[in-house]
Amino acid sequence: MSSHNLKPLIIIGGGGHASVLVDILRSQDREILAVVSPDDIAHRSVFIGIKHLKNDDDLLAYTPNEVVLVNGIGMMPRSKIKRKINEKFLSLGYRFETVIADSAIISEYASLGEGVQVLPGAIIQAGAVIGEYAIINSGAIIEHDTQIGCYNHIAPGSVICGQCVTKEDVFVGAGATVIQSVNIAEQAFVAAGATLTTNMPASSICYPSRAQITQGDL
Amino acid sequence: MSSHNLKPLIIIGGGGHASVLVDILRSQDREILAVVSPDDIAHRSVFIGIKHLKNDDDLLAYTPNEVVLVNGIGMMPRSKIKRKINEKFLSLGYRFETVIADSAIISEYASLGEGVQVLPGAIIQAGAVIGEYAIINSGAIIEHDTQIGCYNHIAPGSVICGQCVTKEDVFVGAGATVIQSVNIAEQAFVAAGATLTTNMPASSICYPSRAQITQGDL
Amino acid sequence: MSSHNLKPLIIIGGGGHASVLVDILRSQDREILAVVSPDDIAHRSVFIGIKHLKNDDDLLAYTPNEVVLVNGIGMMPRSKIKRKINEKFLSLGYRFETVIADSAIISEYASLGEGVQVLPGAIIQAGAVIGEYAIINSGAIIEHDTQIGCYNHIAPGSVICGQCVTKEDVFVGAGATVIQSVNIAEQAFVAAGATLTTNMPASSICYPSRAQITQGDL
């Protein structure tokens, strides 16, 4: 690890995604100086004992030399919030920590960009390349040779088969499947549960056939 | 662990679900006094060397002070059998063991009710609450802050995203996906492979679009 | 392990599937004498330092007594290439190594045929039987008592529930789900993302309802 890995951390965001990241970092005995969130965070036991800052700018009291940041905002489809925050603080000289759960299964022959987050039980195979600041969420599978773009969110339990390429800001929803050798352009959104078998143009949406809800006997 | 965790166990049921539980418990060196099943169980090698009782009432020879029970009946949708057996023996003073596979990935900041069963490779994230006697089956993912009701069965490979709430007796089928912040009322049934994106009323059923089977070349 | 497990290995195939297998075998400190592939393999870092043979027949320079083979060809639906290669070298007296990722979760009470490949994060439960030369790919789940036929490929993230039976040459695609007690006949193909709830005749295909790709706002 480079030396900045040993610096104390500040978490931006105090919601569910941040709680999962703090859970991982605590289990790895990382020092967490503060969680920054405008909202109350006291109901989440994972944050107990960590200083609570209310405003993003409160973290400017810590210099880029003293701390490394963790972006705890769970990126939603088409949302630019996570990216804007990253870019603001990167321009001020801060860096974002790469966070990898101990239970993630990552090939030695995969490559992860700075600030990537790999959550519990995720699998990343040989030859895969994960772009900067992407989230590979719980139990997601990135197969061999697949290239995931910057600021992607590959949601829990989704499967991206081998030799796929995703561009920046792509969102692949929970439980979705992308077959091998598919290309997904910028800002495309594969909805939860969808099975993608063709390339997707920029900013397009892939919806699965809708489930039906009925009443009655089985 | 509380002291009852060290007591010997009796397994109710001798089918596939019971075999998975006994497999886990044997790997953890738990003492298993007997498997209770009206059926022949000799074809399952996992039960070799364990006493076979034919009738539920045979276990009354062991007092609630001597043993802890494990309900090995795999709950099917709308079936009340597992629950009725639990309630009968709970009323007699018995308790049901919580069974957690070593390979399950469970946050320190999640909460599990008594008698919960978490099978191999399942993931339970920070802030999740699992109701009593629920089954979180193999490889299922329960995301942050999601509340799973009592006597639920979350089947293998299914994904429940963050901030969902399920009430009692809910069944989520294998490979199903439930997106974030969805509420599922009592006895609802999400069929295998379905993607649920809206709330479900009590006793409702969510079916996926049906797959088609054809003949021919690829 | 039997003694042949300690022999050096030769890998047939130099693509993505072979790279995942070599990754596993290197992490287990297995000696790999050569990778056989007509294609250039230098772009895959996992193969660095391993001798590259261009032609299958080049491996005949090594006797069946000296080496064990690993078939690194990822079987595609209806493709017979992997099987033909296995049968050719088996008839010459060679054997194929069983390859099991350390992160796979395999019951002591499951049974694996010779030459089976179980990839990272896959789960195989008690009573399951995996036929010779089958691939259980990354994160796939084989539930209790299910019998997988010879030369099957169970693709990443798929779920086969309990008490299913698949015959030879079956392909279950990525992210597919097969509910309990389903029988799948020879050469049937369950496409990626499909949910199979009925038996399948030989050489049939199960397609999921197709996802729709649109443009527009969310």
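The values are calculated or read from the model by the stated rules, or taken from the named source; none is laboratory data. Not measured: the values here are computed from a predicted model. Cβ placement follows ideal geometry from the backbone for every residue including glycine, while neighbour counts extend to all protein chains displayed. The protein model used for the area step is the full one, side chains on, heavy atoms only, and it has no ligands, DNA or RNA in it. Shrake-Rupley method; radii C 1.70, N 1.55, O 1.52, S 1.80 Å.
When you check B:SER181 against the structure, is it open to solvent by less than 10 Å² (accessible area, probe 1.4 Å), in a loop (DSSP other than H, G, I, E, B) and at pLDDT 95 or above, yes or no?
Working: open to solvent by less than 10 Å² (accessible area, probe 1.4 Å): no; in a loop (DSSP other than H, G, I, E, B): yes; at pLDDT 95 or above: yes.
No; evaluated as a whole, the condition is false for this residue.
Name the one entry in B:ILE24, B:ILE41 that is in a loop (DSSP other than H, G, I, E, B), within 21 Å of the chain's Cα centre (by Cα) and of a type outside the set (Asp, Glu).
Numbers: B:ILE24 fails: in a loop (DSSP other than H, G, I, E, B).
Step by step, each of B:ILE24, B:ILE41 is checked, and only B:ILE41 is in a loop (DSSP other than H, G, I, E, B), within 21 Å of the chain's Cα centre (by Cα) and of a type outside the set (Asp, Glu).
Just give me the residues in segment B:81-111 being within 14 Å of chain A (Cβ to nearest Cβ) and not β-branched (Val, Ile, Thr), in sequence order.
Of segment B:81-111, the ones within 14 Å of chain A (Cβ to nearest Cβ) are B:101-111.
Within segment B:81-111, B:ALA101, B:ASP102, B:SER103, B:ALA104, B:SER107, B:GLU108, B:TYR109, B:ALA110, B:SER111 meet the criteria.
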Could you tell me how many of the residues in segment C:87-104 are open to solvent by 10 Å² or more (accessible area, probe 1.4 Å) and either modelled with pLDDT under 95 or closer than 22 Å to A:ILE106 by Cα (or both)?
5
Please state which of the following conditions A:SER19 fails to meet, knowing it meets all the rest: (1) within 16 Å of A:ARG95 (Cα to Cα); (2) touching a helix residue (DSSP H, G or I) at 6+ places or on another chain (Cβ under 6 Å).
(1)
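Within the group A:SER107, A:SER158, A:SER138, which residue is open to solvent by 10 Å² or more (accessible area, probe 1.4 Å) and among the polar types (S, T, N, Q)?
Values: A:SER158 fails: open to solvent by 10 Å² or more (accessible area, probe 1.4 Å); A:SER138 fails: open to solvent by 10 Å² or more (accessible area, probe 1.4 Å).
Result: A:SER107 is the single residue among A:SER107, A:SER158, A:SER138 that is open to solvent by 10 Å² or more (accessible area, probe 1.4 Å) and among the polar types (S, T, N, Q).
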Of all residues in segment A:111-133, count the ones that are free of Cβ contacts under 8 Å to residues at least 24 places away in the same chain and either surrounded by fewer than 22 Cβ atoms within 10 Å (Cβ to Cβ) or not in a loop (DSSP other than H, G, I, E, B) (or both).
9
If you go through segment C:184-201 one residue at a time, how many are in a loop (DSSP other than H, G, I, E, B), more than 14 Å from chain A (Cβ to nearest Cβ) and within 20 Å of the chain's Cα centre (by Cα)?
4
Given the criteria in contact with a Leu (Cβ under 7 Å, 6 or more places away or on another chain) and of a type in the set (Val, Ile, Thr), does A:VAL70 qualify?
yes
Can you pull out every residue in segment C:87-107 that is part of a loop (DSSP other than H, G, I, E, B) and without any contact (Cβ under 8 Å) to a residue 12 or more places away in the chain?
none
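Just for segment A:44-58: of the residues that are open to solvent by less than 40 Å² (accessible area, probe 1.4 Å) and more than 21 Å from the chain's Cα centre (by Cα), which one is farthest from the other protein chains (Cβ to nearest Cβ)?
The initial filter retains those residues of segment A:44-58 that are open to solvent by less than 40 Å² (accessible area, probe 1.4 Å), namely A:44, A:46-47, A:50, A:53.
Narrowing the set further to residues that are more than 21 Å from the chain's Cα centre (by Cα) leaves A:50, A:53.
Working: A:ILE50: 13, A:LEU53: 20 Å.
Taking the candidates together, the pick is A:LEU53.
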Just to be sure I understand the filter: pairs with C-beta atoms under 6 Å, separated by 6 or more residues or on different chains, first member in segment C:59-86 and modelled with pLDDT of 95 or more, second member in a loop (DSSP other than H, G, I, E, B) and of a type in the set (A, V, I, L, M, F, W, C). Which pairs pass?
none
Please verify whether A:HIS144 is open to solvent by 20 Å² or more (accessible area, probe 1.4 Å), more than 10 Å from chain B (Cβ to nearest Cβ) and either within 24 Å of A:ILE105 (Cα to Cα) or among the acidic types (Asp, Glu) (or both), treating the condition exactly as stated.
yes
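Could you list, in sequence order, all residues of segment A:147-168 that are part of a loop (DSSP other than H, G, I, E, B) and more than 9 Å from every other protein chain (Cβ to nearest Cβ)?
Initially, segment A:147-168 is screened for residues part of a loop (DSSP other than H, G, I, E, B), giving A:149-152, A:155-158, A:161-164, A:167-168.
Of everything in segment A:147-168, those that are part of a loop (DSSP other than H, G, I, E, B) and more than 9 Å from every other protein chain (Cβ to nearest Cβ) turn out to be A:GLY149, A:CYS150, A:TYR151, A:ASN152, A:CYS164, A:LYS167, A:GLU168.
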The residue that is most open to solvent (accessible area, probe 1.4 Å), considering only those in segment C:186-217 that are farther than 21 Å from A:THR197 by Cα and of a type in the set (A, V, I, L, M, F, W, C), is C:ALA202
State which residue is surrounded by the most Cβ atoms within 10 Å (Cβ to Cβ) when the search covers only segment B:20-31 and only residues that are farther than 16 Å from C:GLY127 by Cα and within 14 Å of another protein chain (Cβ to nearest Cβ).
B:GLN28
